[in-house]
Amino acid sequence: MKIAVVGTGYVGLVTGTCFAETGNQVTCIDIDKKKVDKLASGQITIYEPGLEKLFLRNQKEERLTFTTNLEEGIKEAAIIFLALPTPPGEDGSADLKYVLGVARDLGKILTEYVVIVDKSTVPVGTAEKVHAAVAENYKGEFDIVSNPEFLREGVAVEDFMKPDRVVIGTVSERARKVMTELYAPFVRSGNPLIFMDERSAELTKYAANSFLATKISFMNEVAQLCERLGADVDMVRRGIGSDDRIGKRFLFPGIGYGGSCFPKDVQALVKSAHEAGYEFQILNAVMDVNEKQKLHLIPKIRKYFNGDLTGKHFSIWGLAFKPNTDDIREAPALYMIDALLAEGATVSVFDPEAMPNVKTLFGDKVHFAENQYEALSGAHALIIATEWNEFRQPDFLRIVKELKHKAIFDGRNLFDLEAIKSLGFHYESIGRDAVNLK
Ligand SMILES: NC(=O)c1ccc[n+]([C@@H]2O[C@H](COP(=O)([O-])OP(=O)(O)OC[C@H]3O[C@@H](n4cnc5c(N)ncnc54)[C@H](O)[C@@H]3O)[C@@H](O)[C@H]2O)c1
């Protein structure tokens with residue numbers, strides 16, 4: 001099948017590459033010329049485990065091409081995916097200007113039947129708006145499908161190739177056939193293709209992300225309670241997670257959720273609900289808890305240093321909003337860096353993948369270290385913001401050697417309390433006892 005993907009960011013590049021991998025002829029289109037030139041010359045633009053290998057193979061076999069030219073890119077395509085940004089507008093609702101802009105452009109150049117698929121996360125009613133935008137200039141036949149994407153950054157290729165489910169919102173029999181054929185290789189093991197109307201598909205995506213964000217904020221509140229009542233959140237997590245009705249995943253407390261999806265999607269659903277005359281009370285609390293949680297470690301650090309961080313130097317391990325990605329959108333580490341700098345402290349950081357992105361934000365306001373141990377040099381304490389695997393079993397003797405104080409503030413609960421206690425660290429984490437308090 002000939003497929004076009006408009007928007008070649010995290011979702012567009014993974015989508016295009018994975019569809020090429022099953023034998024389709026894919027053209028990815030983007031307005032960012034630098035990005036397209038880079039991709040066309042065989043250089044990948046994002047870090048995503050397993051993606052580069054597929055990207056290079058499919059490009060070599062000429063199933064995956066890149067262009068900035070929409071008209072050229074959609075030529076003869078049976079399906080056009082829209083993987084465009086839907087950032088929050090000033091009022092928190094999803095801004096549809098990119099999606100509707102491309103829909104209008106498509107209307108000017110379409111010549112035959114095509115299925116236009118919304119893969120961006122969009123509010124309920126967008127499929128109708130996209131339909132109207134295309135129809136402003138194109139009077140031929142076409143269908144709009146809502147096919148929200150559930151991939152997780154860091155495991156995006158695996159999620160795309162073996163999805164738990166594929167949600168397809170369309171009432172058109174013709175579009176349904178095309179989508180069924182396209183996704184057949186991805187659901188061979190029996191995971192469902194779930195068909196529904198466009199509105200339900202659009203809401204499914206927001207409901208899924210908002211529910212997961214709710215689980216995280218819920219556990220962060222349980223963690224707050226644990227700290228006050230002397231309970232251990234890891235025990236509570238295991239205790240409740242083994243109940244099938246609750247499930248083990250997304251119960252890890254920390255310094256809040258970030259990324260390009262949860263913060264904006266929760267906010268957009270609250271806004272959509274409000275516009276529909278309903279106040280989504282739980283989600284307002286979810287957002288509130290998350291905002292506070294991002295800075296949960298700061299008062300602990302301040303207290304340890306007797307209320308004054310002026311002139312103190314901190315090492316931060318982890319910048320990406322989660323491991324195995326270089327994505328720093330809404331990453332809690334960034335909020336912590338801002339807070340520490342505002343209190344007169346200085347900061348050295350290390351992240352295996354996300355440092356170039358952070359450099360564009362902070363420039364020389366922070367020191368970017370060569371490796372996790374160099375980041376410790378001269379630091380008064382270590383702060384852990386992202387749970388990269390390589391931080392889980394560090395060389396504690398090197399940490400002791402480099403740090404001025406034997407103090408670790410861990411936003412991701414990486415270390416065993418008994419082990420860290422015996423090493424003599426002052427250690428504070430989330431929802432667990434502080435160890436070796438001064
Ligand atoms: N990132 C994720 O994990 C994820 C997961 C599921 C869904 N989503 C949703 O998918 C959508 C895309 O997200 P993303 O993370 O891939 O965004 P992104 O910002 O990484 O990529 C979007 C791309 O679209 C391009 N673009 C903008 N206007 C364009 C135009 N007129 N023509 C062609 N290209 C244009 C940009 O240059 C950029 O490369 C969003 O709605 C997001 O909420 C994201």
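We did not get these values from a lab; they are worked out from the coordinates using the rules stated. Only a predicted model underlies this, so the values are computations on that prediction, with no experimental measurement involved. Heads up, the Cβs are rebuilt from the backbone with ideal geometry, glycines too, and the neighbour counts pull from every protein chain shown.
Can you tell me the alpha carbon radius of gyration of region 395-437 divided by the globular rule-of-thumb value 2.2 N^0.38 Å?
1.05
Write down the Å³ per residue value for the convex hull defined by the alpha carbon atoms of region 1-82.
Considering the Cα atoms of region 1-82, their hull volume per residue is 74 Å³.
On the principal axes of its Cα set, how long, how wide and how thick is region 255-318? Give whole Å, largest value first.
Result for region 255-318: principal-axis Cα extents of 50, 22, 15 Å.
Counting each DSSP H run of 4 or more residues in the chain as -39500 (n - 2.57), what helix-only mean residue ellipticity at 222 nm follows after dividing by all residues, to the nearest 500 deg cm²/dmol?
Rounded to the nearest 500, the figure is -12500 deg cm²/dmol.
How big, on average over all directions, is the shadow cast by the Cα convex hull of region 326-367, in nm²?
Averaged projected hull area, Cα only: 2.7 nm².
Using the C-alpha atoms of region 353-438, what convex hull volume per residue, in cubic angstrom, is computed? Kindly include the intermediate steps, with their values, before the conclusion.
On the way: hull volume 9.1 nm³, N = 86.
Convex hull of Cα atoms, per residue: 106 Å³.
Using only the Cα atoms of the chain, construct the convex hull and provide its projected area averaged over every direction, in square nanometres to one decimal.
Average projection, Cα convex hull of the chain: 22.2 nm².
Quick one: check the C-alpha center-to-center distance for region 119-151 versus region 13-33, whole angstrom.
For region 119-151 versus region 13-33, the Cα centre distance is 19 Å.
Tell me, VAL5, VAL270 in order of fewest to most beta-carbon neighbours within 10 Å?
Listed from fewest to most nearby Cβ atoms, that is VAL270, VAL5.
Quick one: work out the % antiparallel among DSSP beta bridges in region 61-190, nearest 5.
Around 20 percent of the beta bridges assigned by DSSP in region 61-190 are antiparallel ones.
What is the dipole size for the chain, taken about its Cα centre, with +1 at each Lys and Arg Cβ and -1 at each Asp and Glu Cβ, in debye to the nearest 20?
It works out to roughly 700 debye.
Compare the peptides 426-433, 113-120 by average per-residue count of other Cβ atoms within 10 angstrom and give them in order, highest first.
113-120, 426-433
Might you report the magnitude of the Cβ-based charge dipole of region 345-438 about its Cα centre, with Lys and Arg at +1 and Asp and Glu at -1, to the nearest 20 debye? It would help to have the intermediate numbers written out before the result.
Details: 11 positive and 14 negative charges, 70 e Å.
Taking the Cα centre of region 345-438 as origin, the dipole is about 340 debye.
Long-range amide H contacts for VAL117: which residues qualify at under 5 Å (H placed 1.01 Å from N, peptide plane, sequence gap of 5 or more or a different chain)?
Here ILE80, PHE81, LEU82, VAL145 satisfy the definition.
Using only the alpha-carbon atoms of region 231-385 as identical scatterers, what base-10 log of I(q)/I(0) does the Debye formula give at q = 0.09, 0.10, 0.14 Å⁻¹?
-0.36, -0.44, -0.81
Give the long-range amide H neighbours of ILE316: residues separated by 5 or more places, or on another chain, with amide H under 5 Å away, using H modelled in the peptide plane at 1.01 Å from N.
Residues meeting the criterion, in which the H sits 1.01 Å from N, are SER348, VAL349, PHE350, ILE383.
What dipole magnitude, in Debye to the nearest 20, does region 356-400 give about its Cα centre under +1 on Lys/Arg Cβ and -1 on Asp/Glu Cβ?
Details: 4 positive and 6 negative charges, 23 e Å.
Charge dipole, region 356-400, about its Cα centre: 120 debye, nearest 20.
Return an integer: the convex hull volume of the alpha-carbon atoms of region 1-142, in Å³ per residue.
Numbers: hull volume 15.7 nm³, N = 142.
Output value, Cα hull per residue: 110 Å³.
Measuring from the lowest to the highest alpha carbon on each principal axis, how far does region 184-260 reach, largest first, in angstroms?
51, 26, 20
Would you kindly give the portion of the calculated P(r) for region 204-299 that falls above 20 Å, as a percent of all Cα pairs?
40
As a footprinting exposure proxy, order TYR10, TYR47 by other Cβ within 10 Å, with the fewest listed first.
Ordered from fewest to most neighbouring Cβ atoms within 10 Å, TYR10, TYR47 come out as TYR47, TYR10.
Could you give the DSSP H helices of the chain that reach 27 angstrom or more along their long axis (alpha carbon positions) and whose average Kyte-Doolittle hydropathy is no lower than -0.5?
Values: long enough: 198-229 (47 Å, -0.11).
Answer set is 198-229.
Where does the Debye-calculated log10 I(q)/I(0) of region 103-218 sit at q = 0.11 Å⁻¹, using only Cα point scatterers of equal weight, no solvent?
Values, matching the q order: -0.40.
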